[in-house]
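Have a look at the structure below before the remarks.
Values quoted throughout were computed directly from the atomic coordinates according to the rules given, and no laboratory measurement underlies them. What you see is a predicted model; the values in this text were computed from it and never measured. Cβ placement follows ideal geometry from the backbone for every residue including glycine, while neighbour counts extend to all protein chains displayed.
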Amino acid sequence: MEKVFFFLYTLVLSFFYLLVLPFIFLFSFKPKYKVSLLARFFLWKNKRLKADGVYFHVCSFGEAKAIAPLIEALPLGDIRLSTTTNTGYEAIRGYTSESAFLPFEPLLFLWMRRQKVLVVMEAEFWYLLFVLAQKRGAKTLLINARLSDRSYPKYKRMAWLYRHIFKHIDEVYAQTTLDKERLESLGAKHVRVTGNIKLSRLAKVSEVLDKPKGLIVCGASTHEGEESLILDAFLP
């Protein structure tokens, strides 16, 4: 049954990949997506990571920063990193040159090399990433795993898919007991509660600033051009 699912999943996803390629190419002309889309869907300037390392995959900037204590605890020569966003890529390049964008799943057959360990952060449930890593000899780990109140019902509706994914994850480290229960309901095995990795290293005060008078506007996560929109909304 597992072999049948593997074949059908790969076939359907490959067909979808070929179907959307023209649209992906058009979107790649937008500055926001240019680098990541070309790298992920066309392997443009997206080098293969060296083999036999400890391979971390994170989604974006926040997760890339959160794994810093783990990266620092390992020999630099063993580290391999991938991400799916431009901001995440800028962050992981600060750790090692063995950094790349994670290709769309069907391309992993050509791109992915054998690794000692695959460590995936939070909720990056890429079926072929786990399967191919495990088939090529890697131990597979899901760390800082979580399922929010909002997202859990969606995962439950696709529980049949996640049961196949969790068959290829050797160990899971969840943020909370509730996350552990939810993950196990989707088929996760060998689940331990370890807390939130993002809280393992609290930020230190580097500078104390006096609170300015008047209205304070905080743009926590903005892209180019959005700051002016925020200011226009508040300025008289």
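Note on ASP52, ASP210, ASP179: ascending count of other Cβ atoms within 10 Å places them as ASP210, ASP52, ASP179, the fewest first.
Among THR194, THR84, THR222, the residue with the largest mean-square fluctuation in a Gaussian network model of the chain, with springs joining Cα atoms closer than 10 Å, is THR222. Taking the chain as a Gaussian network of alpha-carbon nodes connected by springs under 10 Å, the highest mean-square fluctuation of the residues ARG182, ARG113, ARG150 belongs to ARG150. Our summary gives region 102-236 a relative contact order of 18 percent, counting only alpha carbon pairs under 8 angstrom and 6 or more residues apart. Summing Lys and Arg as +1 and Asp and Glu as -1 over all other residues whose Cβ lies under 12 Å from the Cβ of ARG136 gives a net charge of +4.
Compared with the rule-of-thumb size 2.2 N^0.38 Å for a compact globular protein, the chain has a Cα radius of gyration ratio of 1.13. With a sphere of radius 15 Å drawn around the Cβ of LYS45, what net charge do the other residues whose Cβ falls strictly inside it have (Lys, Arg +1; Asp, Glu -1)? Net charge in that neighbourhood comes out at +3. Between LEU43, LEU19, LEU118, the Gaussian network model of the chain with springs among Cα atoms under 10 angstrom shows the greatest mean-square fluctuation at LEU19.
Summing Lys and Arg as +1 and Asp and Glu as -1 over all other residues whose Cβ lies under 15 Å from the Cβ of PRO153 gives a net charge of +3. Ranked for footprinting exposure by Cβ neighbours inside 10 Å, fewest first, CYS59, CYS218 give CYS218, CYS59.
Determine the relative contact order of the chain: mean sequence separation of Cα pairs under 8 Å and six or more apart, normalised by residue count, in whole percent.
14
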